[in-house]
Amino acid sequence: MTHPPTVTPTFRDLRDPLGLALNEAQRLIDTGNFERAASRLQDLRVAFPKDGRVYLCASRLAARLGQPAQWVACAERACELMPAFAPARLEFARALYQTGEHAEALAQAAYAVQLAPGSLEVLAVAYELARACRSRSDALRFIQQALAISGEDPTIRRSAALELLLSGRPADALALAEGLVRESAQDELARSIEVDALFALGEHERALARLEALAADFPERERYRFFLAMRRGEKVSEVPSELVADLFDRHAETFDRTLLGGLRYRAPELVAQAIRTRFPSLEVSVLDLGCGTGLLGEALGQPKGYLIGVDLSRKMLEQAAEKRLYDRLHHADLLEALSATDAAQYEVIAACDVFVYLGELAPIAREAAKVLRPNGLLVFTCECVAVPPEADGFALDQATQRYSHGHGYLKRILTEAGFVDIALEPVELRLEAGHPVRGVLVTARRPADS
């Protein structure tokens, strides 16, 4: 997700000379005129060293400039000078969130709510920040406070229904969702929450009927057809691209910290090592399928050829672009990107934990064999959680909506695509709920042309 939103009322209603000057500085920040804004704020800091509003405005400039340490320092100083000003507390919370200090960010957001308990605007920011920090209890508490203030607001009711559902209270979520649906049959989110709540309550027949109606009323949404097939026990070959893109768009900004820190994500490191083993000089061009935020680029370093990334999530690609490691980044479906690529373009095609969203991998294998140069390397990771390792097939875990692939299946489809020297190494990919996730590192070579 993007940064949690800020509270808008800061300087605009102030008519004192400093307030007017800060309004002008804020306008310069909003229009991207950062040098003039910085110069103006420096003058104001000298003239008004004890006015917290100057530091609050400076913190927003630091945020726009991508200077997290300065953002934190200015927001903290604003709080010291204006300890009872809720917008300053929320700005401090946003800065702390961006630097990964989630517990303190939540504490500051809660303090802001205490300072302005009747402000829906403050509660909205605190709620979004709690969601960004993945604090379900805080998110539920803040949205319930907002619901108590404005119980007729459909946006607040939808958010409350969602938080109740995610907090294990499906009956309460269903009551809110059904009320919203009675008011508007086109309320897609409320209808979706209603379906999930009914499934959680064990009312499968009612839930299936509502899901069928949802899929019929919104035929452009692949996700409902996917969920319907999954709930019916039908075999589905891939997670819809819109679901994957939505998932990673939401988590793009915190992806690296979450995976590399708390989840000890190893796939990029494992794939990079496999590439170095095969091509120690890195005199290769690499196609990174599902490149995400560019973690493989960081683990591998710059090859002597091209490093090209492809991903479904625009926000993940934005994060990758900031690292300046890739020669080009493309927003595209993986199979479509491979199909549109000329033959024999790359020495390496890599995919880190990407094929967990695809069941049937045979088309990917065939296209990868076309795109690789002779003796080129295909290297990727897969999960083996929901199937026996030796299985010749794949399975979708309904709880995680991720695919597992059997070793027998992977060997077969790679052999059929013409690959040789196929190797499958059991590995631990990351942690989930504190436990290692079992997977496999796969390497396969396109043979030299005869």
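The values are calculated or read from the model by the stated rules, or taken from the named source; none is laboratory data. Because the structure is predicted, anything quoted here is derived from the model rather than measured. All Cβ positions, even for glycine, are placed from backbone atoms using ideal geometry, and neighbour counts span all protein chains on display. SASA here: full protein model, heavy atoms, side chains in, ligands and nucleic acids out. Shrake-Rupley method; radii C 1.70, N 1.55, O 1.52, S 1.80 Å.
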Here is a list: Leu61, Leu56, Leu106, Leu44. Which entry is in a helix (DSSP H, G or I), open to solvent by 20 Å² or more (accessible area, probe 1.4 Å) and touching a residue at least 24 places away in the same chain (Cβ under 8 Å)? Leu106
Restricting attention to the range 215-224, report how many residues are surrounded by 17 or more Cβ atoms within 10 Å (Cβ to Cβ), farther than 17 Å from Ala399 by Cα and either within 23 Å of the chain's Cα centre (by Cα) or modelled with pLDDT of 95 or more (or both). 1
Enumeration of residues in the range 64-86 that are of a type in the set (Phe, Trp, Tyr) and in a helix (DSSP H, G or I): Trp71
Would you call Pro374 open to solvent by 20 Å² or more (accessible area, probe 1.4 Å), in a strand (DSSP E or B) and not aromatic (Phe, Trp, Tyr)? yes
Of the residues in the range 377-402 that are of a type in the set (D, E, K, R) and not in a strand (DSSP E or B), the one that is least open to solvent (accessible area, probe 1.4 Å) is Asp392
Does the range 149-164 include one or more residues that are part of a loop (DSSP other than H, G, I, E, B), out of contact with any Gly (no Cβ under 8 Å at 6 or more places or on another chain), open to solvent by 70 Å² or more (accessible area, probe 1.4 Å) and within 22 Å of Val125 (Cβ to Cβ)? yes
Answer yes if at least one residue in the range 259-276 is closer than 22 Å to Ser404 by Cβ, hydroxyl-bearing (Ser, Thr, Tyr) and either open to solvent by 10 Å² or more (accessible area, probe 1.4 Å) or part of a strand (DSSP E or B) (or both), and no otherwise. yes
Kindly indicate the residue of the range 165-182 that is touching a residue at least 24 places away in the same chain (Cβ under 8 Å) and either of a type in the set (Lys, Arg) or touching a helix residue (DSSP H, G or I) at 6+ places or on another chain (Cβ under 7 Å) (or both) and also most open to solvent (accessible area, probe 1.4 Å) among those meeting that condition. Leu166
Out of Ala417, Ala350, which single residue is closer than 26 Å to Gly309 by Cα, out of contact with any Ser or Thr (no Cβ under 9 Å at 6 or more places or on another chain), among the aliphatic types (A, V, I, L, M) and open to solvent by 10 Å² or more (accessible area, probe 1.4 Å)? Ala417
Given the criterion under 30 Å from Leu263 (Cβ atoms), touching a helix residue (DSSP H, G or I) at 6+ places or on another chain (Cβ under 9 Å), modelled with pLDDT of 95 or more and open to solvent by less than 70 Å² (accessible area, probe 1.4 Å), identify the matching residue among Ala252, Ala190, Ala197. Ala197
For Ala75: the one exception among (1) in contact with a helix residue (DSSP H, G or I) (Cβ under 6 Å, 6 or more places away or on another chain); (2) hydrophobic (A, V, I, L, M, F, W, C); (3) at pLDDT below 95: (3)
